[in-house]
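The values are calculated or read from the model by the stated rules, or taken from the named source; none is laboratory data. Since the structure is predicted, the reported quantities are computational estimates derived from the model, not experimental observations. As a convention, Cβ positions derive from the backbone with ideal geometry for all residues, glycine included, and neighbour counts pool all protein chains shown. Note: areas computed on protein heavy atoms with side chains; ligands, DNA, RNA excluded. Shrake-Rupley method; radii C 1.70, N 1.55, O 1.52, S 1.80 Å.
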Amino acid sequence: MGNGRSLAAFIWGFEPQNDDARPQSRSTSPASVALSKELRKRGWKFVGPTTVYAFMQAMGLINDHVEGCVLHEDVKRARESFLRPT
């Protein structure tokens, strides 16, 4: 994706650092809007902020499971042990 970075490193570069939104309360985020704009600028299609947000959820960039959800802690642990691509 430029500068010798992989697609994975490019996408993980948009991982939100401080995401204070209530869990499961939205379908987009500032990070998904930014990633969507960057992908579209590079010629990608069908990558609006909502689609990108769902992708970010599926890939683990965003953990918006509510506290107490059986998946919240699993996703949290997986994110803590995940080595971000460079």
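A residue that is in contact (Cβ under 8 Å) with a residue 60 or more places away in the chain and either hydrophobic (A, V, I, L, M, F, W, C) or at negative phi (or both) can be found somewhere in the stretch 69-84.
Would you point out the residue of the stretch 25-74, among those that are small (Gly, Ala, Ser) and open to solvent by 70 Å² or more (accessible area, probe 1.4 Å), that is nearest to Trp12 (Cα to Cα)? Reasoning before the result, please.
Taking the stretch 25-74 and keeping what is small (Gly, Ala, Ser), we get 25, 27, 29, 31-32, 34, 36, 43, 48, 54, 58, 60, 68.
When the remaining residues are screened for being open to solvent by 70 Å² or more (accessible area, probe 1.4 Å), the result is 58, 68.
Details: Ala58: 13, Gly68: 26 Å.
The qualifying residue nearest to Trp12 (Cα to Cα) is Ala58.
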